[in-house]
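What follows is a single structure, written as structure tokens, with notes after it.
A short reminder: the numbers here are calculations on the coordinates, not readings from a lab. As the structure is a prediction and not an experimental result, all values here were calculated from the model. FYI the Cβ positions are ideal-geometry reconstructions off the backbone, even for glycines, and counts take in every protein chain you see.
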Amino acid sequence: MSKGTVRFPPSAIVDGRIGTSRIAATVAGAAARLALADHVPLDAATSRMVAMPRGVKTDISNTSGVQLVAPHVAACAKHRANAALGEKPAPGKRETPQGELTPVQRMQQLGRLGTGRMNKTEAAYEQVLAARLHIGEILFYRFEAHKLRLADNTFYTPDFTVIVANGSTEYHEVKGRWTDKARTKIKVAATQHPYRFIAIKRAGRHGWSFEDLTSRSW
């Protein structure tokens with residue numbers, strides 16, 4: 001045998017082709033089962049998938065059979081259960097159709113990205129800061145540069161730390177949609193720290209709206 005020769009077992013060669021015997025056997029077996037009139041029992045993994053309710057995901061490789069339910073599926077199931085019991089949503093909350101979440105719920109389920117990573121809105125606003133830095137309106141900016149202590153085990157990390165041309169420091173918080181909780185947190189930070197706090201929201205496709213939340217007690 002010469003150096004580098006590769007040998008295949010007879011089962012790996014069918015009609016002069018290599019590596020097709022197992023595939024051919026699998027296809028032939030499946031065709032034979034489909035042609036039978038009698039019921040053919042499913043294997044264990046396929047049986048578990050068929051038995052699962054719609055919207056529930058499971059790991060087939062998990063032999064324990066534990067089912068993993070996505071958060072939005074659980075929320076929808078809770079909504080359907082409350083509807084079946086005749087319960088109404090709390091005052092001030094919009095009742096959504098069955099299986100549908102509000103925009104705020106969908107945003108909260110997404111959660112924040114890892115530390116130091118911008119979402120699309122924050123990345124778009126960084127381009128605004130980069131342009132201002134280029135023309136000299138600001139001297140410095142950095143994403144999530146500082147962490148401000150509000151109370152014991154409670155901190156607030158502004159999206160952008162910005163130093164403007166006169167040397168003063170500003171903290172810019174960028175949101176695609178502001179919630180009462182987020183607005184309250186930045187207002188608490190503004191009352192405790194002598195800096196300028198700017199709340200920024202996307203206005204249309206290319207615009208921005210700015211709101212000065214700096215505490216007037218300084």
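Worth a mention:
- Placing pseudo-labels 7 Å out from each Cα toward the beta carbon at residue 32 and residue 181 gives an inter-label distance of 5.9 nm.
- Counting 0.36 nm for each residue step from residue 147 to residue 117 and taking away their Cα separation leaves a gain of 9.3 nm.
- Rounded to the nearest 20, the size of the Cβ-charge dipole of segment 120-212 about its Cα centre is 300 debye, with Lys and Arg at +1 and Asp and Glu at -1.
- Karplus-derived 3J(HN,Hα), 6.51/-1.76/1.60, for each residue of segment 130-140, Hz, glycine and proline x: 4, 5, 5, 5, 5, 8, x, 5, 10, 9, 6
- Computed from backbone phi with θ = phi - 60° and the Karplus coefficients 6.51, -1.76 and 1.60, the 3J(HN,Hα) list for segment 170-177 is 10, 10, 10, 10, 10, 9, x, 8 Hz; x is used for glycine and proline.
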